[in-house]
Every structure is written in structure tokens, then in C-alpha cells.
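Just below is one structure, and these are the notes that go with it.
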Amino acid sequence: MTEVERHSYDVVVIGAGGAGLRAVIEARQRGLSVAVVCKSLFGKAHTVMAEGGCAASMGNANAGDNWQVHFRDTMRGGKFLNNWRMAELHAKEAPDRVWELETYGALFDRTADGRISQRNFGGHTYPRLAHVGDRTGLELIRTMQQKIVSLQQEDQKRYGDYEAKLKVFAECTVTELLKEDGRISGAFGYWRESGRFILFETPAVVLATGGIGKSFKVTSNSWEYTGDGHALALRAGADLINMEFVQFHPTGMVWPPSVKGILVTEGVRGDGGVLKNSQGERFMFRYIPDVFKGQYADNEAEADRWYDDADKNRRTPDLLPRDEVARAINTEVKEGRGSPHGGVFLDIASRLPADEIRRRLPSMYHQFKELADVDITKEPMEVGPTCHYVMGGIEVDPDTAASSVPGLFAAGECSGGMHGSNRLGGNSLSDLLVFGRRAGLGAASYVESLERRPKVADADVTAAARTAVAPFDGARDGVAEENPYTLHTELQQSMNDLVGIIRKSDEMQKAIDKLAEIRRRICGVTVEGHRQYNPGWHLALDLRNMLLVSECVAHAALRRTESRGGHTRDDHPQMDAQWRNKLLVCSVADSDEVVPDVTIAAKPQEPMRQDLLELFELSELEKYYTEDELADHPERKA
Amino acid sequence: MGYQAKLRVWRGDDGSGDLQDFTVEANEGEVVLDLIHRLQATQVPDLAVRWNCKAGKCGSCSAEVNGRPRLLCMTRMSIFSEDETITVTPMRTFPVIRDLVTDVSYNYTKAREIPSFTPPEDLKPGEYRMQQVDVQRSQEFRKCIECFLCQDTCHVIRDHEENKTAFAGPRYLMRIAELEMHPLDVADRRNEAQTDHGLGYCNITKCCTEVCPENIHITDNALIPMKERVADRRYDPIVWLGNKLFRRNGG
Amino acid sequence: MASPPQTPQTPTDNPAATRSRASITARTLRTDRWWVPPLLTTLGLAAFVIYATVRSFMRTGYYDAEQHYLTPFYSPCLSDSCVAGSAHFGTPIGELPGFIPLAFLSLPFLLGFRLTCYYYRKAYYRSIWFSPPACAVAEPHAKYTGETRLPLIVQNAHRYFFYAAFVIALINTYDAILAFGGENGVGFGLGNVVLLVNVVLLWAYTLSCHSCRHVTGGRMKHFSKNPVRYWIWTQVSRLNVRHMQFAWITLATLALTDLYVWLVSTDVITDLRFIN
């Protein structure tokens, strides 16, 4: 039998970003033994890239803020497609989660009276984002990393071993989830360093693997974002929802080519930066959509006054939700008013003194200086849309983060529903904290309720090992050998060009054909060398996940014949109220294939609880809901 | 625009290895990591390199370029001349795993030895009040992306493997300083900084500050103030006497 | 059901303990001229040490009786060996043998201040002791204990040398003020400018000291509770950024000031007078 290193834990968390670490902390504090598995080194997860802040209605900057306002903003941002229960929990619990971080040692920027300072961000009614300059994600991950260290120190005092109850498996990739009688029994993977196999025997797995950005060419995501959790869940029998909604962040770097896609924080606009086209026009005033008319300033004077007096003036349209801004930039460029390198200008230099820019946006200053030779205190930045976040993900129970597979939980970007069709900036970090904790709790309760731990079958381990080393065996007869790097590039290019920010039916069909072609060729992927730290092999394995997830995105996108949030159809440019409560569910057939076939089915969303619905004015709901859905609304009846 | 760049990359594992020469295409605006990736995609698919965000934010792609500790993703090709041979080697202070990837577990071991943040017991979440001027010093240290370049360049362990047990390295001595300056931390780590974590080994030659990609003033703002605090605690009889007499704690 | 017993079924070895570093034999792979800064440092320090030693023992040309210029190298002059007028604080001490410099009270402290200074430590550890000669260049020593034991543990006394240097800077200031009153009453010449500039820069070097930064405010946990000390700390911090520059500039101004007094008092040049 294959040589496999075996470990046994109560809970195994896959992914060591914000959601994963928060789940680990919670499960460990409930007394369970926990393993956390991450593809990179500990503390390098993609959460470090989050810049702007963490949304929580603490009301420090504006006392008018509360969870109801946050909830409304989130639902509006997601165009009412959100799982309302998740949005409710998120809005209610985010402040506690942020305050909790302070007890772990986090140092957020402060207000004059010593509380946590909050900043403006797109789509948020009030300044709401707890932040540390423009490196909030780093603060979150470091804080939780250090909290985990402190939990390990407690274990060291108690058991004489730092890793007695909580161990980090860094640079370790999970390739397969194992089940017994439909329940999770374990997770199989390999050490990146040695290539040796590792098996976790565990009744509960929390997926916190982040997003799918590496399926696109221009992306702000790191190499880890290969949709592992999405694919693992699909193959284990769970469903994905909302996969057609992919957020393109409006401001990524566009020049030089090697850094194309790297994020430029929304904080630049929150702190006064404005978007301009090649004619120097602040074009966003022309792109305020009907649903947001009246909530945003329609002239420059009012927009500028808003930074100082937010109560008397309406906010600048530069801070519309991300999907709106990304589309506007796309249109400007297409109509020939773009910057030299195919973006638009983001100007903070003429808006704030140089010292202030360096103080508030140190990493942006640094990033442009070092990578593009641009001094943002003197010149405008060139920016354009970049693939940033997937709203879709594993369908989970809002309260426990449990998927439809017993023992499988998911939190953070790889879970779906919370953000609807479009995520507001700042809602991601708070999502990680709120649902990371809930996933930890959910998994802990599940483990405690079990009477018998499911067993891992040896045959499953052998099969998983065989699948993992397949790329070394060379192509089967009649299949051409493929280089994983080439195939990856082709996948990225077609997703980027054909299922990107603006979508058309025929293009998506082309993408689906291309994905089918890649599916045929993927069995031919062959890698050289041996298993020890072999990036070619790692990519070959990740590629399967990217393909599976890309197919979900493309098929769901083709199916949804409307434009909403992160899904924009050139051939169906309007939002269609009939589609509002429809979720597209992606699942795979139970098969032994490396990349099983994907099926898409529509299902209705559960209607919003009455008390939550009443938080909105009828006139606003009318923009999103069908007549029938609103028939019972109290304002209607009255 | 593009040209053929000369790259010399260390390849091998903990058994043996050597510098190998390659010629790779380089385009405008690229960084060394781009070339390493191109090498991977076109010539040596199993070339091991650790990387992640490619934007200087995660601190994964630490290595040495022309002998200097650097992030590969933040080293622009434009700082070299076109006919120059660029030597890329793994970090020297840590054991090598393969090619440019090193075993940095030393750092994680040291991280665990630093006593954690200790808040006042009676303070509840949401009640924390801190002034910006009081958090600013520690915030500078929290910019650290843990690339471990400071640990790599520090001669205390770079040139003396045997010091690794007694010396935590600039990154973790800075962590102690960060906690010591945290306005709500109540623990006293000054004595242990000297005895357990080896602050005395530091001879403030500032190489850590020179290589820091986040431009943290490690020596001036963390290590020297920490040495002064240790002096308060251990080497200054007047301060010691003052504390005894007036029972001051921390100011 | 909670935690099963934690016994790893497969023992995991600790690879870090057995693994070795990349086999690179070169002492450094740096391609720049890394040896230039340590070389310049050595030359600079050596030049000053030689000049200062010679001058400290010369016992001539340190006081200009006409304009009352006293070189900092001989201040305070407290013995009967001092020339008339140079002893600003009287002569409580009798004749001194020639192997003791006349400024025996200040020179050891000034030397100590600079020797234990955080900048000079960096400078001589690198350029004289090669520990390390430059970043990422291997040092030639087999063993290294840094400042953990005697004698280098004494570096921790830097703050006491700072206190002494502070007093000496006050004395130098007093000397410079007295120099405005020469034999012919109140006057003002180039020598006054030289003495004054020197004293200002000495203050800049002394106050920018890391120990000064610590004692004035750095040791506080809450700046917000003591705004005055925080303000002082902020100012000292601003100077501290230039501590290295002040360290070098004051070496030069000390030598030049001394040289000027030497030349004027031995009538090699005449002092340029602006007033009286």
C-alpha cells in the first residue's frame, strides 16, 4: 500500500486565511483538537492582500450607524440576491468580531477619543471600515496567527507540547475529501516540500480556501486561488451557488504588464481619490444607475463637500458599488477615453497633500513607486478592472456554515450566498470573521454530536494517491502530452476574454467549447522531475480544480439571462426581477473522473423574513422585486 | 523592448547543488520573479521557487539576488544592465529544501517562544481605548510581512549557525518591542529579551534595516529602544532604585 | 464525542535539524563595491583619532589669550598647568604630569560617549572588527557573542556617558559665550562663529543620541498621558534620524575648531574680526 503519513484530529481546517484561522481559534477554544492545512507558509494567505478595511457598524465615526443600516447596504450591494440570513448575521455580529481582535492584540487606527477609526468605502452609507492604513488584511491575519500561537503556548503549559491540540500543516495541499456512508471521514493530501502523502482522519472538515481568481488572466489573486475548496466540495457532493457572479475590482494596476491586475485599494477613493478619463473628466457622474439615483451626488461640488460633511451632502459616485464602477471604466476605455495603457486615471495627487497620501496610503505609495516608477503624490495612477473575488461558492447553512454533506463546512470566499450578486468592499474581512467563527462552532457542535467517528477506507486512500501521481505517468495512448503551464495559460486567457467583465452568449458558448477541449487534453498533462517541491506537478493538480470551477462559472453565466451585480450580459443588459430570487446551483455527478461533469439547476431563494423586509422602503423594493412578491407588503396593504 | 537576460540560478537540494546559467527573455517593467517564472514555464518546469502575492505584500519570495537578500517580486530588472549576469540564490541562513526554497521553520519556532499579548484582565472586548500616538510605534512594526530577510541577513545567525538557539533574530526582537510598546499590554518582557531571546547578540550593525522591504526602521525604532529598556531593567541602578522607591511601572 | 488521544501514528521527523544550507562557498555573491564604506569609515576614524591624540597631549596653542578662544579639546581646563585665562572654572588641581591631558576630566567621557554611541558601534563593528564588514558578507570570526558579556556588555552604560556629555556640552557652550568677551571687551570675530557652530552641532549630536531619545520619552508606554515629553521625544526623534550625519560632522567641526584656535593662538593666522 502507498506510504501515507496519518494524523487524527477532531476538526481539520483547510485554508489558513482569515476565515480558516478564525474557525481554528473557535474550534480549539471549544476544546477540540484542530489541524489547519495551508498551501503556503503560515501567515501568507491571500487575506494579507486585503487593504481597505473590515466593515462593522460600530458607529464610532458616525453614531447613526447600526446593523440595520449595514444589512440594508449589503443587500443593496448584492442586488437583493444575497442570502438574507447570512447578511443579517454578518451585520449583527461584525462589531463583536472586530472588538474581539483587539483582545488578541490587533492595533487598528484610532479616533480622537481612542476608539477604532472607521473609513468610507463604496456602497457603505456611513464610514464603517475598521482599518490600519491600507494593510488591514495583514493586521487581521497576523493578529489571528499570533492568537493561534498564544493558544499553542497555553497547550505547551498544559500538555508540554505546543502542538498537542493545534497544529499547522504549512505547505501542504489537500487533493481529496474522503467519506464513509455520505459523511466526511478524512482528507487526503501531500506535502509540497517532500511530495509525500498525508492523511487526516477527521469527522469534520472546514473549507476556507478562498477564491478562484487564478482561472482568469488579469487578477488581483495569488497563485493559491485555484478554487480548491469549491472543487473539493463539488466532488464530495456539495452544491455551489451563484458561481456566475465574479467581482471585477474596478481599480487594478494596468502597467507595467508584469503587475497587471495587482490591486489598488478602494481606500484611495474613500480618502478622496477620483476617477478621470483621458479628457480629465470625472466621468462617474454619468454612470449613476437608476436604482442608486438620489443616493449619490450628481455634481462635483456636492461630491467634494461630502468628504467633510457627509450628513448634508450625498456621496461621490466614485464610491458606487464595485460592479458599477468597473463597468463604467470598461465603457470609458472602450469608447476611446482611456489612459495610454488601457485604463483610466485615478487621481489622489491633486486632492491631498503629499504627506497625507504617504501617511494614509503607505503601501499604495510604495507599490506604485517600486513596481511602476510612479509617484502617486505627484501623478495620477492608471487603473483598470481586475478579477478580484467570487461571490459564488459552497452553499451553506447560514447559522452553522454546514454544507449539504454531513461533516463538511465552509466559510469565507469559498462559501456562497452572503454577498449575493456583488460584494461590498470591506464586507469580505468581516465575512471571514463572522462565518469563520460560525464554521468553527458548527464543526465543533457536529463533532460533539457524533456517536461514532466515520472511518477512512484504505481503498479510498489508494485511489486518491493514484490520482495524485497520475501526471507523472505520462499521457495515455492516443492522448497528446500537455504542459500544465500552457494549458493553464489557455484556460486563463479564454475565461478572461470570454467570461470576463462583459459577457455575451456566443462568447460564453465559445468558452464552454474551449473548456471542453481543455477537459479532453487535461488527461495528457505530464510533469517532469520528482515529487519533491515540484511546481509543475502542483500546477497540474490545481489545474483540475480550476477547470471544474471555470465550467461552473461559464455554464451558470450562460444560463442567467440578465445583468446583475458581478454578472453583466451585453445581450441582456437589464436587471430582471424574475431572476432575483433564482439561484443557479452547480453540482457534479458522482463519478471517478478527475474532472466530473457539471450540471446547473435553478432553484428559488427562500423569501426574506418579514421584519427584515420591512427595513426597506417599498419604493426601493419595487426596483428589485416583482409585483407578486410585494403583494403582501404592509405598505401595499395599508 | 525585450532582451535576452543572463540568469545564474542556484539549483540543488540539501545534499548538493550549484549555480547554473540560463538565458531568459526579459520585457519592460518586469521583475526577477517574472523571469524565474518564464524559466519555469519554458525551460525548467520543476524549478522550485516560493511565491505568492507577487506584490510585495506576503513576503514569500525571499531569496538573494547578486548576493543581497531581496524579494524577487520587488526586484525590478531595470536596476541591472542588460549584459549583467544576475545571480539568484536561496536565503543562506536557512537550510535549503530545493533550488530557491528554504526551510524557514526556525522563524516559526522563535515566534512561539515570545510571550503573547497580555491585556488587562478586567478589560472587555469593545472597551479598549487607545490613542493614535500610542499605537503608532507598534503599528510600524506590525507592517512586517514576515519575509524573514532581516533574519537572513543578520550575521549573528547567518555566520554562526550555533547562535540560532540563543538568538531570536531581528524579526522577533522587534515583536518583543512591539508588545512592550503596546499601550494595553501588561506583561514585562524586558528581562527575557536579554536572557531568553538574545537581544545582547545584536550589535546594531543595521543590516536588518537595510534589507527590510517594508522600510521598517528595525534598528532605530525597535532594537535600540529595546536595548535601552533592557538597560532600564537590568543595567541602570538609578532607574532600578527609582522604581523600587516610587513603585512606578512603565510610566 | 471529543478529542481522541493525540498520538501521531507516523513519527514525523524534524527535517530542519538535519538539513544543511545551500552549498555556496563564496564568502559573498555581492557584485558591488561593498568594501568601500568600511574602508572610508576606517580612514575617517583613524584620521580623527591621530589628530585628536596628538593635539590633546601638545599643551600648546589651545587658548587664544587675546580673543579668549578655548579649544574644546582642553575644556574644562582645571589645573595649574593651564595657561592663564583658559581655566574658566578655576584651578582646583595642581600641576599635571605631561602624560595626562589637561582636559582629563572631559576627554574620557567624550571618548566613552562616542565609543558606546549606537552609531559609532555600528561603524567600528563593521569597519574595524568586520562583524560583519558589510551586509551579507561573511565575517572572519569563528565565534560571536555580541554584546552579551564583558567587555562589550559595558555598552549598556551609554546613557551615563550621555549624561556626562550633556554636562560637557553645557561647558562648551559656556566657553563659546565667554569668547565673546576678549581682552578688548565685547567683540565678535570669525573665531566666535567657529566656536558657536561647533557648539550647536555638538548639541545636535548629543541630543540626537538614542539614549536621549529613550530617557526623554521613549521609555513611556503612553505618550498621550504626557504631551510635553511626547513633544520632546518627537523633536529628539527628528534629530535622531540624522545621528550618523551629526556623528561625522562633529568629528570634522571639532578638529576644525581646534585647528582654528591653534592657528590663531600661535599667530599663524589672524582672527577675522567683525565687531571690535
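Residue pairs whose Cβ atoms lie under 6 Å apart, sitting 6 or more positions apart in sequence or on different chains, and linking a residue in the range B:225-242 that is outside the structural domain of B:Gln194 (by TED's automatic domain parsing) to a partner that is at pLDDT below 90 and in a helix (DSSP H, G or I), do not occur here. All of (1) buried (at least 21 other Cβ atoms within 10 Å of the Cβ); (2) within 12 Å of chain C (Cβ to nearest Cβ); (3) closer than 20 Å to C:Gly146 by Cα; (4) not charged (D, E, K, R) hold for B:Ile176 with one exception: (2).
Look at (1) under 20 Å from A:Thr175 (Cα atoms); (2) in the same structural domain as A:Gln574 (by TED's automatic domain parsing); (3) in contact with a Gly (Cβ under 7 Å, 6 or more places away or on another chain) and you find that A:Glu481 fails only one, number (1).
For A:Val447, the conditions (1) surrounded by fewer than 16 Cβ atoms within 10 Å (Cβ to Cβ); (2) in contact with a Pro (Cβ under 7 Å, 6 or more places away or on another chain); (3) of a type in the set (A, V, I, L, M, F, W, C) all hold with the exception of (1).
For the range B:78-135, filtered to residues that are in contact with a strand residue (DSSP E or B) (Cβ under 9 Å, 6 or more places away or on another chain) and among the aromatic types (Phe, Trp, Tyr), the residue that is farthest from the other protein chains (Cβ to nearest Cβ) is B:Phe80.
One line per residue, one yes/no per condition, for (1) in contact with a strand residue (DSSP E or B) (Cβ under 6 Å, 6 or more places away or on another chain); (2) more than 18 Å from B:Val135 (Cα to Cα):
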position	(1), (2)
B:His182	no, no
B:Ile204	no, yes
B:Cys207	no, yes
B:Val211	yes, yes
B:Asn221	no, no
B:Arg233	no, yes
B:Asp236	no, yes
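Scanning the range C:14-53 for residues that are part of a helix (DSSP H, G or I), within 14 Å of chain B (Cβ to nearest Cβ) and polar (S, T, N, Q) yields C:Thr18, C:Thr41. Each residue in the range C:111-167 was checked for being free of Cβ contacts under 8 Å to residues at least 60 places away in the same chain, among the small types (Gly, Ala, Ser) and at the interface with another protein chain (Cβ under 8 Å from one of its Cβ atoms), and 3 of them qualify. Among the residues here, B:Ala168 qualifies as modelled with pLDDT of 95 or more and either assigned by TED's automatic domain parsing to the domain that holds B:Ser60 or buried (at least 24 other Cβ atoms within 10 Å of the Cβ) (or both).
Yes/no per residue for (1) within 14 Å of chain B (Cβ to nearest Cβ); (2) touching a residue at least 40 places away in the same chain (Cβ under 8 Å); (3) part of a strand (DSSP E or B); (4) surrounded by fewer than 20 Cβ atoms within 10 Å (Cβ to Cβ):
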| residue | (1), (2), (3), (4) |
| --- | --- |
| A:Tyr365 | yes, no, no, no |
| A:Glu379 | no, no, no, yes |
| A:Pro406 | no, yes, no, yes |
| A:Glu413 | no, yes, no, no |
| A:His419 | no, yes, no, no |
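Quick check on the range A:2-17. Is at least one of its residues surrounded by 22 or more Cβ atoms within 10 Å (Cβ to Cβ) and in a helix (DSSP H, G or I)? Looking for residues that are surrounded by 22 or more Cβ atoms within 10 Å (Cβ to Cβ) and in a helix (DSSP H, G or I), one finds none in the range A:2-17, hence no.
If you check C:Ala123, C:Ala169, C:Ala136 for being more than 20 Å from the chain's Cα centre (by Cα) and surrounded by 18 or more Cβ atoms within 10 Å (Cβ to Cβ), only one passes: C:Ala136. Selection of the range C:190-243 for residues being at the interface with chain B (Cβ under 10 Å from one of its Cβ atoms) and over 24 Å from B:Arg190 (Cα atoms) yields C:Pro227, C:Val241, C:His243.
Look at A:Pro573 and say whether it is touching a strand residue (DSSP E or B) at 6+ places or on another chain (Cβ under 9 Å) and either polar (S, T, N, Q) or surrounded by fewer than 21 Cβ atoms within 10 Å (Cβ to Cβ) (or both).
no
If the condition is being over 30 Å from A:Gly52 (Cα atoms) and in a loop (DSSP other than H, G, I, E, B), then the range B:45-86 contributes B:Pro45, B:Asp46, B:Leu47, B:Ala48, B:Asn66, B:Gly67, B:Phe80, B:Ser81, B:Glu82, B:Asp83, B:Glu84. Report yes if A:Gly529 is in contact with a Phe, Trp or Tyr (Cβ under 8 Å, 6 or more places away or on another chain) and either away from chain B (no Cβ under 14 Å) or closer than 30 Å to B:Gly12 by Cβ (or both), otherwise no. Spelling it out, A:Gly529 is indeed in contact with a Phe, Trp or Tyr (Cβ under 8 Å, 6 or more places away or on another chain) and either away from chain B (no Cβ under 14 Å) or closer than 30 Å to B:Gly12 by Cβ (or both).
For C:Ala165, the conditions (1) part of a loop (DSSP other than H, G, I, E, B); (2) closer than 25 Å to C:Gln245 by Cβ are fulfilled apart from (1). Looking at this structure, is C:Thr257 more than 15 Å from the chain's Cα centre (by Cα), hydroxyl-bearing (Ser, Thr, Tyr) and assigned to a helix (DSSP H, G or I)? Judged against the criteria, C:Thr257 is a match. Evaluate the range B:37-44: report whether one residue or more is more than 7 Å from every other protein chain (Cβ to nearest Cβ) and either in a loop (DSSP other than H, G, I, E, B) or touching a Gly at 6+ places or on another chain (Cβ under 9 Å) (or both). For the range B:37-44, residues more than 7 Å from every other protein chain (Cβ to nearest Cβ) and either in a loop (DSSP other than H, G, I, E, B) or touching a Gly at 6+ places or on another chain (Cβ under 9 Å) (or both): present.
Candidates in the range A:1-56 are the residues that are acidic (Asp, Glu) and closer than 30 Å to A:Ala459 by Cα; of these, the one that is farthest from the other protein chains (Cβ to nearest Cβ) is A:Glu3.
Within the span defined as the range A:128-139, one or more residues are buried (at least 22 other Cβ atoms within 10 Å of the Cβ), within 14 Å of chain B (Cβ to nearest Cβ) and among the hydroxyl-bearing types (Ser, Thr, Tyr).
Here is a yes/no grid of residues against (1) within 20 Å of the chain's Cα centre (by Cα); (2) touching a residue at least 12 places away in the same chain (Cβ under 8 Å); (3) surrounded by 22 or more Cβ atoms within 10 Å (Cβ to Cβ); (4) under 25 Å from C:Ala134 (Cβ atoms):
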| position | (1), (2), (3), (4) |
| --- | --- |
| B:Gly2 | no, yes, no, no |
| B:Val9 | no, yes, yes, yes |
| B:Val31 | no, yes, yes, yes |
| B:Gln40 | no, no, no, no |
| B:Arg50 | yes, yes, yes, no |
| B:Cys73 | yes, yes, yes, yes |
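The values are calculated or read from the model by the stated rules, or taken from the named source; none is laboratory data. What you see is a predicted model; the values in this text were computed from it and never measured. Ideal geometry is used to build each Cβ from the backbone, glycine not excepted, and the neighbour counts take in all protein chains shown.
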